[in-house]
Amino acid sequence: MFSRIKNIIMQQCDIKDIKPGLVLRYFLYLCAVILSCHLISIPAHSSEKYSTQQSSTTYQDEYTYANYQDVSIEHAYLDLAVNFEQHIIEGFVDLTLNIHKENTDELILDTRDLTIQSVLINTNNQWVNAKYQLGQTDEILGAKLIVNLTNSFNKQVQKVRVYYQSASHASGLQWLTAEQTASKNQPFMYSQNQPVHARSWIPIQDTPSVRMTYKARIRSNKNVLAVMSANNDPNTPKDGDYSFTMPQAIPAYLIALAVGDLHFQAMSDMTGVYAELPLLDKAANEFNNTQAMIDVTEKLFGGYRWGRYDLLILPPSFPYGGMENPRLSFITPTVIAGDKSLVNLIAHELAHSWSGNLVTNETWRDLWLNEGVTSYIENRIMEEIFGESRALMEQSLSIQHLQHQLTQLPANETILYVDLGGKNPDEAFTSIPYIKGQLFFMYLENAYGRAVFDKFLVQYFNDHAFKSVSSDSFMTYMEANLLNKHPDKVSKKKVVEWIFQQGLPTDTLKPTSNKFRLVDAQSHLLLNAQIKVNQLVTSNWTVHEWLYFINNLPRDLSIDEMITLDEHFDFTNSTNDEISHVWYLLALSNNYRVIMPKLEQYLLHIGRRKLIIPLYKALVKSESGFNFATKVYTQAKPFYHQLARNSVEMVLNEAKLKY
Ligand code: BES
Ligand code: ZN
């Protein structure tokens, strides 16, 4: 032993001979290095290249520390108190284990900024204290919690209990004071776990590759209601003590909790809205097509497997449009436009009940399997409910957006199976997984026809229900169930091009909208001074035509032209948050400063990243815009979600170097 260690040291240190005392010291040092390497795991940057031979390989998710191939969680019981005074969640979680590798002696969990108070292990209903170790913190991954599973019973541990507390700045939670809410009565708290924030309020295997059922007991103040991505009971008394069951197995990113002054309004027997009172009626009216959306999706793609489907309307600081938490999608209020013009968002979040929640991307590299299939289904739902013409307009707007992004993104980020390269996954999502993904499915639909392609999708959902799918296994599945069954329609080479190569294939279908052609024709006349603004025939334009019209106006209009447009159409005062967004972008590039007070209000009241980040980016192009943005941000910051803060600060910090 001694001489072996001595040899290792001599090799490592490149020296000829050493004294025994030094050997002992070096041996201890080596042990420390090995232990700390174990604890401070460095994210494995996946470097594997696509090969058609690799279809059955399971990839390790690069955004988790969990040893889920050895042991995985099959059920979680959360017993938590929501503490509005300190902005923390405290309590314990019981994790029921499923051992895949015999003699697995540790369970590695993901955590971020959690205070771990104690860890117990359970064998045959006996709880005993467990040894555990919290690793060092990585900015993106958080810290691993290693729980020792060996016990004196010499039997397999079945459950692990962790007592813990979240940090007041937990990345997956937003806390709002009563004053920051719509009804001003009660504070509000909600979670946003996707992609890797579950670990900031639950010590868990935070990877889409692991699914678990859960139950929860949530205690909070009286007079606020807690809701979860589980079996919500709208009639439960607001007594501050709530219980939930989620019998379908889901990944940790779909565990969700919100607590606030929430009220419920039914839209149909199985759908309803939770919202603060000032928004409840408006939301229930805006989204009263939800049941019809469920019905058409079931008709097209098979049964809805989750029981109820409710919507939760969040405060406007919610950093996303929507989040597909099962049974209870979380929704931004910025889509309550009064005319159902933005309800494709509901179709989108609902569609995730098939693509994403039922069949889940295996890692965040495979996000296109969640978002691409969902964007495709979303549009099919819109077509069924609102007709082909609207569906085509929505496709067209998406494609324009994608084409713009394709000019901005580095080439290696235009691949569906994208290499995230260890980057913060919060910042890594682009329209590639969404719209390039959607275009891929539209391409397949066109090649095989709807009868065949829809049947394929139904079978895909059935065969993979409650499982995760990787890009490789999807490819293999497609080959067996679509390509080979209907030969000579799409080649495997073409599929590889779509999934694993950059940009858009040259034969991508880019449907055009007749409605938009009519808009183009009028814009053309206007821009060539053949008609005046007041001669534009816009009486039957919908929000989509307005969005298209504004998006395609030149970025160098004169101030007079901007004034005339605004006088006629009052864009600056639009009550549709999407129209305001594109108008403010146009105004900023044309230096039309009339919008500034309205823009300021917009940025102070909306925290949805998709709507505000492009505006901050446009603002910082000039020094005066940068100063304006900095001032507004300082005021808006307490109301923004941490994710929005991060994104805005990235924009401002980069610009700061210029001025
Ligand atoms: N699941 C996403 C939101 C998300 C994606 C959160 C990645 C965290 C990481 C949700 O379904 C979504 O795509 N929302 C879009 C809706 C839109 C495409 C209709 C949004 O928020 O804008
Ligand atoms: Zn989505």
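Here's the yes/no breakdown for (1) over 16 Å from Pro319 (Cβ atoms); (2) within 16 Å of ligand 2 (Cβ to nearest atom); (3) outside the structural domain of Thr542 (by TED's automatic domain parsing); (4) of a type outside the set (Gly, Ala, Ser):
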residue	(1), (2), (3), (4)
Trp583	yes, no, no, yes
Ser589	yes, no, no, no
Val594	yes, no, no, yes
Lys610	no, yes, no, yes
Leu619	yes, no, no, yes
Glu623	yes, no, no, yes
Ala629	yes, no, no, no
Lys637	no, no, no, yes
Leu643	no, yes, no, yes
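Can you spot a residue in the range 413-424 that is within 10 Å of ligand 1 (Cβ to nearest atom), out of contact with any Leu (no Cβ under 8 Å at 6 or more places or on another chain) and either in the same structural domain as Glu545 (by TED's automatic domain parsing) or touching a residue at least 24 places away in the same chain (Cβ under 8 Å) (or both)? Scanning the range 413-424 turns up no residue that is within 10 Å of ligand 1 (Cβ to nearest atom), out of contact with any Leu (no Cβ under 8 Å at 6 or more places or on another chain) and either in the same structural domain as Glu545 (by TED's automatic domain parsing) or touching a residue at least 24 places away in the same chain (Cβ under 8 Å) (or both). Selection within the range 366-385: residues that are in contact (Cβ under 8 Å) with a residue 40 or more places away in the chain and away from ligand 2 (no atom under 16 Å from the Cβ). The member of this set that is most open to solvent (accessible area, probe 1.4 Å) is Glu384.
Of the set (1) surrounded by fewer than 21 Cβ atoms within 10 Å (Cβ to Cβ); (2) within 15 Å of the chain's Cα centre (by Cα); (3) among the aliphatic types (A, V, I, L, M); (4) more than 11 Å from ligand 1 (Cβ to nearest atom), all apply to Leu409 but (2). If you check Thr207 against the conditions, is it among the polar types (S, T, N, Q) and within 16 Å of ligand 1 (Cβ to nearest atom)? Yes; evaluated as a whole, the condition is true for this residue. Of the residues Phe318, Phe330, the single one that is outside any helix (DSSP H, G or I) and touching a Pro at 6+ places or on another chain (Cβ under 9 Å) is Phe318.
Residue-by-condition table, conditions (1) in contact with a helix residue (DSSP H, G or I) (Cβ under 8 Å, 6 or more places away or on another chain); (2) of a type in the set (Phe, Trp, Tyr):
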| residue | (1), (2) |
| --- | --- |
| Tyr242 | no, yes |
| Ile250 | no, no |
| Tyr253 | yes, yes |
| Glu276 | no, no |
| Ala283 | yes, no |
| Glu286 | yes, no |
| Thr290 | yes, no |
| Arg308 | no, no |
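Scanning the range 217-233 for residues that are surrounded by fewer than 19 Cβ atoms within 10 Å (Cβ to Cβ) and touching a residue at least 12 places away in the same chain (Cβ under 8 Å) returns Arg217, Arg219, Asn221, Lys222, Asn223, Asn231. From the list Leu345, Leu300, Leu358, Leu367, the lone residue that is of a type in the set (A, V, I, L, M) and closer than 30 Å to Val224 by Cβ is Leu345. Considering only the range 295-305, I want to know if a residue exists there that is among the basic types (Lys, Arg), part of a helix (DSSP H, G or I) and open to solvent by 10 Å² or more (accessible area, probe 1.4 Å). Looking through the range 295-305, at least one residue is among the basic types (Lys, Arg), part of a helix (DSSP H, G or I) and open to solvent by 10 Å² or more (accessible area, probe 1.4 Å).
Against the conditions (1) of a type in the set (Phe, Trp, Tyr); (2) closer than 20 Å to Gln405 by Cβ; (3) not in a helix (DSSP H, G or I), Trp541 satisfies every one except (2).
Residues in the range 574-607 that are within 23 Å of Thr181 (Cα to Cα), of a type in the set (S, T, N, Q), assigned to a helix (DSSP H, G or I) and open to solvent by 10 Å² or more (accessible area, probe 1.4 Å): Gln601 alone.
Filtering the range 489-529 to residues that are exposed (fewer than 15 other Cβ atoms within 10 Å of the Cβ), touching a residue at least 40 places away in the same chain (Cβ under 8 Å) and small (Gly, Ala, Ser) leaves only Gly503. Here Tyr190 does not fit the description of being hydroxyl-bearing (Ser, Thr, Tyr), over 24 Å from the mean Cα position of the chain (by Cα) and not in a loop (DSSP other than H, G, I, E, B). The residues of the range 333-375 that are charged (D, E, K, R) and within 10 Å of ligand 1 (Cβ to nearest atom), listed by number, are Glu349, Glu371. Whenever a residue of the range 240-266 is within 13 Å of Thr213 (Cα to Cα), its partners that are open to solvent by less than 10 Å² (accessible area, probe 1.4 Å) and among the basic types (Lys, Arg), lying with C-beta atoms within less than 8 angstrom and at least six residues away or across chains, give the pairs Ala252/Arg199.
Give the residue that is surrounded by the most Cβ atoms within 10 Å (Cβ to Cβ), with candidates limited to residues of the range 386-406 that are more than 14 Å from ligand 1 (Cβ to nearest atom) and either under 30 Å from Ala66 (Cβ atoms) or among the hydroxyl-bearing types (Ser, Thr, Tyr) (or both). Per the stated criteria, the residue is Ser396.
Counting the residues of the range 549-573 that are in a loop (DSSP other than H, G, I, E, B) and either of a type in the set (A, V, I, L, M, F, W, C) or within 27 Å of Ile336 (Cβ to Cβ) (or both) gives 4. Among the residues of the range 234-263, those that are surrounded by fewer than 19 Cβ atoms within 10 Å (Cβ to Cβ) and not polar (S, T, N, Q) comprise Pro234, Pro237, Lys238, Asp239, Gly240, Asp241, Pro247, Ala249, His263.
In the range 307-332, the qualifying residues are those that are closer than 18 Å to Ala292 by Cα and open to solvent by 10 Å² or more (accessible area, probe 1.4 Å), and the one that is nearest to ligand 1 (Cβ to nearest atom) is Arg327.
Within the range 338-364, residues that are on the phi > 0 side of the Ramachandran plot have Cβ atoms under 6 Å from residues that are within 11 Å of ligand 1 (Cβ to nearest atom) and outside any strand (DSSP E or B) in these pairs: Gly356/Glu324; Gly356/Asn370; Gly356/Thr374, counting only partners at least 6 apart in sequence or on another chain.
The values are calculated or read from the model by the stated rules, or taken from the named source; none is laboratory data. Since the structure is predicted, the reported quantities are computational estimates derived from the model, not experimental observations. No Cβ is skipped: glycine too gets one built from the backbone with ideal geometry, and neighbour counts run over all protein chains shown. Note: areas computed on protein heavy atoms with side chains; ligands, DNA, RNA excluded. Shrake-Rupley method; radii C 1.70, N 1.55, O 1.52, S 1.80 Å.
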